[in-house]
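Read-outs: derived from the displayed coordinates by stated rules, not from any lab. Values in this document were obtained by computation on a predicted structure and should not be read as measured data. Positions of Cβ are generated from backbone atoms using ideal geometry, with glycine treated the same way; all protein chains shown enter the neighbour counts.
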DNA sequence: CCCGTATTGATGATGATTATCGATACGGCT
DNA sequence: AGCCGTATCGATAATCATCATCAATACGGG
C-alpha cells in the first residue's frame, strides 16, 4: 500500500541528490498510518513507536520533505502548531470546523471551486492552490436544534 | 478619525470592567496607523515609536483586546507569526496572495459567499465566520502574459 | 484625595521549530 | 567487498512568537 508513496518520495529525493534512508522511510510510514490533520509532534510520537531511537529534528526535517514531495499538505495552523494532512490519493478538499467541539467535516463544493476560478481570472492571477476554512457550530453543539 | 475606534474600545472595556489606559490608547493608535496584515511585533515597533517605554507584553495583551472588541481581525498565520488586520470600517473580505512577490489583493465575491452558506446548510452548521486564501501568481510574476 | 483593583513592564517560562555539530550511514566506484 | 565523499542522524542549543508571573504603578469611583 505504501509502495506508491515510497516510490514518489524516493524519486523526489533522487531528483535532488538526496537519499532514501531508514529514518525517512520510518517517518513516511508513521505519517501514512495517521489520520489527517496531524501535528509534526504527533508524527514524531508515531515514528518513535516504529523506531524509538528516531530524533525529533529528523521528523521535522522529513515532514518538510514529504510536503515538498507532494505527499503531505500543510493545513492552516489555527492553534499553535502546524498541521499536516495526506496529499497523495486524497483529493483536494476544504474544511468545515466546529468552533465548539473541534469536529472537522471535509467537503468539496463545485460552486465554490468554480467561483474561485472566476476570481483568479478577474484579477489575472494564475492559480496555485487555496485554503478555505469555514467555522461554525455543528448540529451537536448548536444552541438548539433546527426547527 | 480615531474617535470611533477609541469609543468602541472604551465601550468594550467598560462592559468588562476594564480600563481605558494610556498604554492601550497607544497600541490602538499604532495599530490604526499601520496597513493591514501586520504582525503583533510590527505593532510593537510602531507603538514604541509613540511611547518608547511600552512593553511588548502589553502590546500582545492589547492587540488581543482589540480583536475581542471587534477592531482587529486575526488573519491566517501563513509564516511564523500571527497577523492582524483592521476590522472596523473594513468589511469582510478574502485574500488573493501572490506566492512569488507576496502581493495581496483583497476581494469579496458574492458567489463564493453564497456557496459557503449553502455548505453550512448542507451540513447543518451555524456559520461563525470563515477564512479563504487563494494563492497564485500575480500578472507581474506570471511566467508570461496572457495571450 | 484615597483605596481597591486593573494594568504595566521586565523577566522568565513555554511550545514549536530551526540551526549546529560531531558521529554515522549511504551508495557509487573500484 | 571495501573505501570515501557527502548526506544524514540524533542530541542539544538556539530562535521565535507568545504567554504567565509578579512587584510596582496608574485609574477612577466615592
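Oblate is the label for chain B, because the ratio a/c of its alpha-carbon gyration tensor axes (a ≥ b ≥ c) is 1.5 or higher and a/b is not greater than b/c. Per residue, the average separation of C-alpha pairs within less than 8 Å and at least 6 apart gives segment B:3-86 a relative contact order of 31 percent. Ellipsoid semi-axes for the protein assembly as shown, based on the Cα gyration tensor and the rule √(5λ), read 37, 24, 22 Å when sorted largest first. For B:128, A:39, the sequence from fewest to most other C-beta atoms within 10 Å is B:128, A:39. Ordered by the number of other Cβ atoms lying within 10 Å of each residue's own Cβ, fewest first, A:4, B:94, B:78 fall into the sequence A:4, B:78, B:94. Between copies, the label points at residue B:106 (set 7 angstrom from Cα along Cα-to-Cβ) are spaced 3.3 nm, reported in nanometres from shortest to longest. Rounded to two decimals, the Cα radius of gyration of segment A:1-85 over 2.2 N^0.38 Å is 1.01. The reciprocal of the average 1/r between distinct C-alpha atoms defines the Kirkwood hydrodynamic radius, which for segment B:94-136 equals 11.7 Å. Classify segment A:66-147: rounded, prolate or oblate, from the alpha-carbon gyration tensor (a ≥ b ≥ c, eigenvalue square roots; a/c under 1.5 rounded; otherwise prolate if a/b is larger than b/c)? The shape class here is oblate. By its C-alpha gyration tensor, with a ≥ b ≥ c as the square roots of the eigenvalues, how is segment A:41-81 shaped: rounded for a/c under 1.5, else prolate for a/b larger than b/c, else oblate? Note, shape of segment A:41-81 comes out oblate.
Peptide A:77-88 is shielded by partner chain Cβ atoms: per residue, an average of 1 of them sit within 10 Å of its Cβ.
With label points defined 7 Å past Cα in the direction of Cβ, position residue B:33 shows copy-to-copy spacings of 5.6 nm, given to one decimal and shortest first. DSSP finds beta bridges in chain B, and of those with both partners inside it, around 70 percent are antiparallel. In the assembly of identical copies, residue A:57 has its label point, taken 7 Å from Cα in the direction of the beta carbon, separated from the corresponding points by 3.2 nm (ascending, one decimal). Please tell me the relative contact order of chain A in percent, rounded to the nearest whole number, where contacts are Cα pairs under 8 Å and at least six residues apart. Rounded, it is 18 percent for chain A.
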